[in-house]
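Quick note: the coordinates plus some simple rules give every number you see, no bench work behind them. Just so it is clear, the model here is predicted, and its values are computed rather than measured. Neighbour counts are summed over all protein chains in view; Cβ atoms, including those assigned to glycine, are modelled from backbone coordinates with ideal geometry.
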Amino acid sequence: MGSDTVDGTRARILRATMELLAREGRRGVSTRAVSAAAGIQPQTIYRQFGDMDGLLAEAAHEGFRRYLSSKSSRPRRTDPVDDLRDGWDLHIEFGVQHPALYLLMYGAPDQSRESFVVSESTAILRGLVETLARAGRLRIDIETAVAMIHSTGVGVVISLIGSPEGDPGASDLSKSVREAILDAIVAPSSAREDATAAQDNPAIPASALRAVLIRASSPLTPGESLLLDELLTKISTSRRA
């Protein structure tokens with residue numbers, strides 16, 4: 001079988017799977033249903049994707065890739081806080097508009113193998129948080145901020161997916177949680193407030209310097225870089241009495 005035929009068959013199976021997910025949810029995606037919708041024999045799925053879990057993982061990745069591609073023209077903000085807000089809103093929007101794909105990604109994660117698409121999503125979030133830190137606007141360490149935003153964002157989406165249509169509180173939930181998280185992790189923006197905040201909370205400049213060093217080339221040796229990163233991490237994760 002030629003590579004063009006293989007690629008065409010694979011694309012057809014993926015398209016059928018994503019259409020079934022959108023129309024019927026995860027329960028509607030069986031070997032028999034996908035085979036019938038794609039016009040192929042059941043064993044073809046296993047030759048192309050290994051098993052149904054492999055097919056579903058590929059469908060989630062493809063759905064997320066298409067969504068990001070459709071939003072790629074979105075202009076970046078000059079304020080890293082607004083950029084982080086937009087990133088939150090995009091994540092929530094994707095989950096609400098594509099509930100079956102989202103639940104594949106986050107609803108029942110395989111602890112033995114992190115989904116590639118979840119890793120990709122987390123990497124995007126980390127990039128936004130690092131930009132915030134480089135601007136001196138992050139009041140806690142990068143890892144904790146990423147974990148807070150990620151876990152609460154997933155929780156909000158799953159809550160919204162499970163909410164009945166017309167729930168009057170659902171539309172405000174995402175915004176309320178988003179602003180509460182930003183209040184917890186974002187440092188002040190004015191110069192005077194910045195100076196005071198940095199004196200009161202050394203985690204702010206420590207996180208900023210660490211974020212810069214992550215991206216920039218350094219004259220330090222690998223051992224020196226490791227030691228400096230360890231020291232900055234310790235400062236940025238410390239809690240003042």
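Alpha-carbon geometry of the range 45-167: the Rg and the Dmax are 15.7, 51 Å, given in that order.
Can you quote the Å³ per residue value for the convex hull of the Cα atoms in the range 3-50, rounded to an integer? It would help to have the intermediate numbers written out before the result.
Numbers: hull volume 2.9 nm³, N = 48.
Each residue corresponds to 61 Å³ of Cα convex hull volume.
For the range 19-114, the square roots a ≥ b ≥ c of the C-alpha gyration tensor eigenvalues yield an a/c of 1.5 or more together with a/b exceeding b/c, which makes the shape prolate. Where does the charge balance sit around residue 103 when Lys and Arg score +1, Asp and Glu -1, over other residues with C-beta under 12 Å from its C-beta? My count for the surroundings of residue 103 gives +2.
When you restrict to C-alpha pairs under 8 Å that are six or more residues apart and normalise by the size of the range 3-50, the relative contact order lands at 35 percent.
Could you tally the net charge around residue 62, taking each other residue with its Cβ under 13 Å from the Cβ of residue 62, Lys/Arg +1 and Asp/Glu -1?
Details: positive: 10, 12, 15, 65, 66; negative: 19, 58, 120.
The answer is +2.
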